[in-house]
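Written out below as structure tokens is the structure these notes cover.
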Amino acid sequence: MRHARRNVQRIARFAAIGGLVCGGLMVSHAVASETSDDPKAPNAETLAARTGQKLVTELGTSRTAGSWIDAKGRPVVAVTDEEAAADVRGAGAVPKVVHYAMKDLRSVTDTLKDAPKVAGTAWAMDYASNQVVVRADTTVSAAEWDRLAKVAESLGKSVRMERTEGTFTPRVNGASPLFASAGRCSAGFNVTNGQANFILTAGHCGPVGTTWFSDQQGSQQVGATVSGSFPGGDFSLVQYSPGVDLSGADLVAVGDGQGIRIIGSADAAVGQKVFRSGSTTGLQSGEVTGLNATVNYPEGTVTGLIETTVCAEPGDSGGPMFANGLAMGITSGGNGDCQSGGTTFFQPVSKALDSLGVKLVTEPGADDQASPSAGSTGSANNGAGAAAPPGTASTAPGGAVLPGAGGGSGGAAEGQTDSLASALERVADFRNLGPGLFVIAGSLVALVALRIRSERGRRRYRNQYSQSWG
């Protein structure tokens, strides 16, 4: 009988060890899938976002009401009928049947847009609740709130009203690498039209003709704003002055001499984890909570923005927002700060690129003169973004990579520039490691339990044997 128990214990022990090995292999596979040798391989969250966006496009605005990524990392698509729900299931996504279609929600936002403008208000589509959420900051008076509420009431349950703390303002006038009489901003992404090279940044930073410098004294000129949109949109182009080398221009700095390589652009998805780098607050992360947002700044109304939980402060305007190496947005404005949190809005990169007729320096069709040198990082300065003015060198958090500014002390070692942000993005996708870690934990618990049981058995046997012998 004792030998039989020993055999059972051995089998259980071998099974637990096998579980440890299998769990380790599962974790290794998950990590390998996130750190593929192909730098352009999308991660699980990016694939989920693309799946949802593709289904919305295929099914149309009368049968869908947006898509998002749920807490389990799955693409969810809001649909208006069971036939569309079946199509979503067939594509491997999760359907949610809702009352209002996208065309209905857009009709709501059109009505709000036509109503008298109230500075300090904003609205965005909340796909998960199938509503348009209207927010008003502390500057909106009770009378203005009542007028807006009457408009919302006329639209029925498709609208939800909320009050929010702080004020909705563009994030200008903080410490930043781009200095001009109009204000101070962070550089965004490096772009090109094939003949000239530019910094893509926020439109509210300065009108066409604004001259930008890398120092407050105005001795080191970066370039001048040659095109842009604000209000309406919030993007602009700063053309580099002659002689600027864009080596390392495909990098977004994230502080401490580290950077992440930008390999292309993409549209953001609700529920997606994103990162922002800015000259005031450095690298910050959060989640996309809404798309096609409208914000009524005191300076004017901006539409088509990305709404997020990423914090930002004055001076972060124009800085880059990205995920998995893909450029997604340019910091526009918001409320709150990085101590108490808040809402920040971003100008979608894809719309800005299309409107301005330019490409990221990393995208196909970009001119050879703007192509970055492989592995080159340049230096870091006080600002943030893939694009940064030459002439400074520092390793302050959020420091931007300087195109062609060699010799700075903040340069990252070759091959290591992507390490910090890549690690952060892998942590954001930690749920992919869950199954493997669960198997490992279960196997460890089983081994400990077997060990305890074995020790108890030995102890009972010794006690029994010693008593019979005595």
All positions within the stretch 176-226 that are within 22 Å of D250 (Cα to Cα) and more than 26 Å from the chain's Cα centre (by Cα):
G194, Q195, A196, W212, F213, S214, Q221, V222, G223, A224, T225, V226
So, in the stretch 252-308, of the ones that are among the aliphatic types (A, V, I, L, M) and touching an Asp or Glu at 6+ places or on another chain (Cβ under 6 Å), which residue ends up nearest to T192 (Cα to Cα)?
I262
Of the listed residues (L360, L326, L356), the one being within 17 Å of the chain's Cα centre (by Cα) and among the aliphatic types (A, V, I, L, M) is L326
Flagged in the stretch 295-327 as under 14 Å from W123 (Cα atoms) and touching a residue at least 60 places away in the same chain (Cβ under 8 Å), in numbering order, are V295, N296, Y297, T301, V302, T303, G304, L305, E307
For the stretch 204-222 the number of residues that are modelled with pLDDT of 90 or more and open to solvent by less than 10 Å² (accessible area, probe 1.4 Å) is 0
When the stretch 223-242 is checked residue by residue, the ones that are in contact (Cβ under 8 Å) with a residue 60 or more places away in the chain, in a loop (DSSP other than H, G, I, E, B) and either touching a Leu at 6+ places or on another chain (Cβ under 6 Å) or open to solvent by 40 Å² or more (accessible area, probe 1.4 Å) (or both) are F230, P231
In the stretch 249-294, which strands (runs of 3 or more DSSP E) lie fully inside it and hold 2 or more residues that are in contact (Cβ under 8 Å) with a residue 40 or more places away in the chain and closer than 15 Å to F346 by Cβ?
273-278
Out of all the residues in the stretch 148-160, which are more than 14 Å from D104 (Cβ to Cβ), touching a strand residue (DSSP E or B) at 6+ places or on another chain (Cβ under 8 Å) and open to solvent by less than 50 Å² (accessible area, probe 1.4 Å)?
L148, A149, A152
Here are the criteria: (1) among the aliphatic types (A, V, I, L, M); (2) within 24 Å of R50 (Cα to Cα); (3) not in a loop (DSSP other than H, G, I, E, B). Tell me which single one V302 does not satisfy.
(2)
Would you check if there is a residue in the stretch 51-66 being assigned to a helix (DSSP H, G or I), farther than 20 Å from S265 by Cβ, at pLDDT below 70 and not small (G, A, S)?
no
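Suppose the filter is open to solvent by 60 Å² or more (accessible area, probe 1.4 Å) and small (G, A, S); does G166 pass it?
So G166 fails the test.
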Considering the stretch 140-153 alone, what residues qualify as being within 18 Å of N130 (Cβ to Cβ) and not acidic (D, E)?
A152
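The values are calculated or read from the model by the stated rules, or taken from the named source; none is laboratory data. It should be emphasised that the depicted structure is a prediction, and the values quoted were computed from it without experimental measurement. All Cβ positions, glycine included, derive from the backbone under ideal geometry; neighbour counts span all protein chains shown. Note: accessible area is taken over every heavy atom of the protein model, side chains too, but ligands, DNA and RNA are not part of it. Shrake-Rupley method; radii C 1.70, N 1.55, O 1.52, S 1.80 Å.
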